[in-house]
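First comes the structure, then the notes that go with it.
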């Protein structure tokens, strides 16, 4: 019997960032079981430190060559490293949002952190997954934790309704995705690694057949449910309305990042022979998302539902970059994704703060907020304007670059729809801002009257305010530093395997 | 592309499997004496005993908790058997991996224990 330590056990540390998070997760569990710590802030500290550590490791790994590890199950190239950094960034911004929320609603803190970290790990593995089984398992890891998080307020009936809807829709979409995968497995002659599937489709001469088109359609439907693209978006407003707001903030960003990374990798590696088909299918759903998301958002009365439709329209904009399909297109998509993280999380942070202090989500209850808390009004207005794309803010630069890249490749119709729906979106964002700063008729609602500002001092901010400040500063000034960001991204993406098509 | 000559036996099997239940029902319909419906025929009948109460009763939630904890160790056994069978080929790295796997499952058990999932009361 030979017992020798194989150095490939460490797999050249490709999954070291995820290992850090798993270690943190287990240590949180053990600490919670062994010690009876009353001050649970330690756990927040541990998880924030480990997320920061994994981001640093990923940034240092950006210099390395793309490698495929775990016998081909996991690929680490710069494209998915950037997406993994984004997912960890979302978690870092979302954890401060949830601290005060959980304290006020008196929920268990440890389990919330564990679910959040597991969802993060699932999303990060999904970005780098290189075979069908790993994709499915990590997708389920992400979505099961999302179901558990969205039903976290167990006593709340709306939360229960949201989690039931989310679970049923998510299960259906996963099974559709698995059916699409089974077509790929069969057509490629029993391969399940992405690159080998593409080779297998060539060798069995099935790459242009009806069967592979069917697999493509099923995979688009399955991922479309997760991304809430338009024909498959019906669950989004209900789930967003019922779930706890910090969870919605996390889901609206993290699951989109992971889904986009999966979509880009899967389609570019497996379906290079059907580019027209998948581009046109995604183009149709992008156009539908932009039009329907923005039009329905006008009529909403609940802030969370409005943001749900707004996020549907934003995924439509992100799809423009994917449909463009060249190097610039992917760069513009990643840049807009970075801006979207900050704009969206900033908006949600403002809503969480308002909801905690007043207990309402209705848009009309926000009227006259500027009299009570000018800082919150200012940040909410800036984040909304940035989402809408008003010139000096970063949302404008992101959209401009996205539309410019699409225009260069000749997607005139898509750009036209994007511009037109941006104007519509500015209308309903401005409607809210008008409501916030209206003081002429002195009509302040009872909710705003009951609003109490805890402290005005700059030092003793609570964690939500810290998050708001980071997001607002990022969504104002990141746009100005857009050229360096694009340069860094393009330098890093050049080493990549499939984006230089 | 859908010709697939190797699957002929499967299609015959599928055909037979779908014919059998249809045959069973139609034979009993033809052979059964066509008597008028008595009151005895409408009563529900479960293995010779008259059913009592509703079939939709509430179960104790603890069964579910125990089933979940059982699944942890069920899956553990399923994964450990193939590893134990090829222990000599896999070497030390697989041994460490199996230890990590068992360690995580033990944490799961301790968690369930401390949170009171194993108490029946």
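Rule-based calculations on the coordinates, nothing more; no lab input. Computed from a prediction, not measured in an experiment: that's the story for all the values here. For neighbour counting, all protein chains shown are included, and Cβ atoms are generated from backbone atoms with ideal geometry for every residue, glycine included.
Once both labels are positioned 7 Å from their Cα atoms along Cα-to-Cβ, the gap between residue A:19 and residue A:161 label points is 4.7 nm. Calculated over segment B:58-111, the projected area of the Cα convex hull averaged across directions stands at 4.1 nm². The long axis of helix A:245-270 is offset from the longest Cα principal axis of chain A by roughly 20 degrees.
One Cα centroid belongs to segment A:329-356, the other to segment A:21-56; the line between them spans 25 Å.
Counting every other Cβ atom within 10 Å of each residue's Cβ, A:429, A:366, B:63, A:207 order from fewest to most as B:63, A:207, A:429, A:366.
Quantify how strongly other chains surround peptide B:84-94 by giving the mean number of their Cβ atoms within 10 Å of each of its Cβ atoms.
Working: counts 0, 0, 0, 2, 3, 1, 1, 7, 6, 8, 2.
The mean count of partner-chain Cβ atoms within 10 Å per residue comes to 3.
When chain B is treated as a GNM with alpha-carbon contacts under 10 Å, the residue of B:61, B:72, B:12 showing the greatest mean-square fluctuation is B:12. Simple spin-label estimate for residue B:13 and residue A:108 gives 4.6 nm between the two label positions (7 Å along the Cα-to-Cβ direction from each Cα).
Its DSSP H runs of at least 4 residues, each contributing -39,500 (n - 2.57), put the calculated 222 nm mean residue ellipticity of chain B at -22000 deg cm²/dmol, to the nearest 500.
On the beta carbon distance between residue A:364 and residue A:427, with R0 = 25 Å, the FRET formula returns roughly 0.90. Note on residue A:483 and residue B:34: their simple-model spin labels are 9.3 nm apart, each label 7 Å out from Cα toward Cβ.
Using Cα-Cα distances under 8 Å and only pairs 6 or more residues apart, what relative contact order does segment A:289-500 have, in percent?
RCO, segment A:289-500: 31 percent.
When the alpha carbon coordinates of segment A:289-500 are projected onto the principal axes, the ranges are 56, 38, 24 Å, largest first.
May I ask you to sort B:52, A:303, A:343 by Cβ crowding, counting other Cβ atoms within 10 Å and putting the fewest first?
Numbers: B:52 6, A:303 26, A:343 31.
By the 10 Å Cβ count, ascending: B:52, A:303, A:343.
Given q = 0.10, 0.12, 0.21 Å⁻¹, what are the Debye log10 I(q)/I(0) values for segment A:287-410, with equal point scatterers placed on the Cα positions and solvent ignored? Taking Cα atoms of segment A:287-410 as identical point scatterers yields -0.34, -0.48, -1.18.
Which whole-number percentage describes the relative contact order of chain A, with Cα contacts under 8 Å and a sequence gap of 6 or more? Reported relative contact order: 15 percent.
Per-residue ellipticity at 222 nm computed for chain A from its helices equals -25000 deg cm²/dmol, with DSSP H segments shorter than 4 residues left out and the rest contributing -39,500 (n - 2.57).
Between helix A:210-227 and chain A there is an angle of about 20 degrees, using the helix long axis and the longest principal axis of the Cα atoms.
Expressed as an acute angle from 0 to 90° and rounded to the nearest 10, what is the orientation of the C-alpha long axis of helix A:412-437 relative to the principal long axis of chain A? That works out to roughly 30 degrees.
If I take every Cα pair under 8 Å that is 6 or more residues apart in chain B, average their sequence separation and divide by the length, what percent do I get for the relative contact order? If you can, show how the numbers build up before the last one.
Details: 22 pairs, mean separation 28.0, N = 121.
Once normalised by length, the contact order is 23 percent.
Compute the normalised compactness of the protein assembly as shown: alpha-carbon radius of gyration over 2.2 N^0.38 Å, N being the residue count.
Working: Rg = 27.4 Å, N = 622, 2.2 N^0.38 = 25.4 Å.
Dividing the Cα Rg of the protein assembly as shown by 2.2 N^0.38 Å gives 1.08.
Computed from the Cβ-Cβ distance with R0 of 45 Å, the FRET efficiency linking residue B:73 to residue A:36 stands at 0.95.
The radius of gyration of the Cα set in segment A:292-338, together with its Dmax, comes out at 12.8, 40 angstrom.
For the peptides A:147-160, A:115-128, the ranking by mean Cβ contacts within 10 Å, running from highest to lowest, is A:115-128, A:147-160.
Quick check on packing: order A:241-248, A:179-186 by the mean number of other C-beta atoms within 10 Å, highest mean leading. Please list the in-between numbers first.
On the way: A:241-248: 24.6, A:179-186: 18.5.
Final packing ranking: A:241-248, A:179-186.
Could you tell me which of rounded, prolate or oblate describes segment B:17-121, using a ≥ b ≥ c as the square roots of the eigenvalues of the alpha-carbon gyration tensor, with rounded for a/c under 1.5 and, failing that, prolate when a/b is larger than b/c and oblate otherwise? Present the calculation step by step, with values, prior to reporting the outcome.
Numbers: a/c = 6.80, a/b = 1.98, b/c = 3.43.
Oblate is the answer for segment B:17-121, as a/c is 1.5 or above yet b/c matches or exceeds a/b.
Counting other Cβ atoms within 10 Å as a rough exposure proxy, the listed residues A:40, A:399 run A:40, A:399 from fewest neighbours to most.
Please give the FRET efficiency for residue A:56 paired with residue B:6, using the beta carbon to beta carbon distance and R0 = 41 Å, rounded to the nearest 0.05. Working from the Cβ atoms, E equals 0.15.
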